[in-house]
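Written below as structure tokens is the structure these notes are about.
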Amino acid sequence: MSTAIIYSFTSNKTAKAGEKIVAAIGKSFETTTVDADQLTEEEFLAYNQLILGVPTWFDGELPHYWDEFVPAIEEMDLKGKKVAIYGLADQVGYPENFADGIGILGRLMRERGAELVGETAIESYKFESSHAIENDKFMGLVLDQENQARLSKKRIENWVEDLKNIFK
């Protein structure tokens, strides 16, 4: 199985989290790092397993590099692909749409046939609402570097341990 971790190399906090995820994966399974700003449809479809980095921008929006790629994804058949999503969000500054980017991208992946993996608990966060919640869990790993940076290392480690059992 081939695995890509896709995030914007210029989105500082998302890129740093991506690097930490790659380091935590270590030699458990091989990953290729791909810049979301340069992503092509062919490259996206070339991998069986995807780890997608998506911060939530402004009032619950996807960053431009994912938003511009959505029309291509809407035409893709993602059956047979496993997708895990991590994202950065600010539960204090944007409590009414906390981590919405994960939910937007997660639902799109599932609508196109992908298997969404890597859900995480919503406990230990304080927010009003989030499109990233399904069945009382986040659809991926949520990191709040603005308010809970000290918890990110452990959250990444726990999430990657779960992925090691899913991504072979």
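The values are calculated or read from the model by the stated rules, or taken from the named source; none is laboratory data. Just so you know, these numbers come straight off a predicted model, no measurement behind them. Cβ placement follows ideal geometry from the backbone for every residue including glycine, while neighbour counts extend to all protein chains displayed.
Taking the conditions exactly as written (modelled with pLDDT of 95 or more and in contact with a helix residue (DSSP H, G or I) (Cβ under 7 Å, 6 or more places away or on another chain)), does residue 137 satisfy them or not? It would help to see each step written out before you state the result.
On the way: modelled with pLDDT of 95 or more: yes; in contact with a helix residue (DSSP H, G or I) (Cβ under 7 Å, 6 or more places away or on another chain): no.
In short, no.
Which of the following residues is over 25 Å from residue 165 (Cα atoms), without any contact (Cβ under 8 Å) to a residue 60 or more places away in the chain and touching a strand residue (DSSP E or B) at 6+ places or on another chain (Cβ under 6 Å): 63, 71, 95? I'd like the intermediate steps shown before the answer.
Working: 71 fails: touching a strand residue (DSSP E or B) at 6+ places or on another chain (Cβ under 6 Å); 95 fails: touching a strand residue (DSSP E or B) at 6+ places or on another chain (Cβ under 6 Å).
The unique qualifying residue is 63.
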Take residue 126 and tell me if it is in contact with a helix residue (DSSP H, G or I) (Cβ under 9 Å, 6 or more places away or on another chain), in a loop (DSSP other than H, G, I, E, B) and either closer than 27 Å to residue 48 by Cβ or modelled with pLDDT of 95 or more (or both).
yes
Name the single residue, out of those in region 97-123 being small (Gly, Ala, Ser) and not in a helix (DSSP H, G or I), that is farthest from residue 20 (Cα to Cα).
113
Unique match (being on the phi > 0 side of the Ramachandran plot and either modelled with pLDDT of 95 or more or aliphatic (A, V, I, L, M) (or both)) among 53, 60, 106, 113
113
Region 103-126 residues that are under 21 Å from residue 47 (Cα atoms), paired with ones that are of a type in the set (Phe, Trp, Tyr) and assigned to a strand (DSSP E or B) (beta carbon under 8 Å, 6 or more apart)
118/86; 119/138
Residue satisfying condition, being farther than 23 Å from residue 13 by Cβ and within 17 Å of the chain's Cα centre (by Cα), within set 111, 161:
111
Hey, residue 71 hits all of (1) under 24 Å from residue 9 (Cβ atoms); (2) modelled with pLDDT under 95 but one; which does it fall short on?
(2)
What pairs come up if the first residue lies in region 1-25 and is farther than 14 Å from residue 152 by Cβ, the second is charged (D, E, K, R) and surrounded by fewer than 21 Cβ atoms within 10 Å (Cβ to Cβ), and their beta carbons are under 7 Å apart, counting only those six or more places apart or on different chains?
1/168; 3/30; 8/35; 8/37; 9/35; 9/37; 10/37
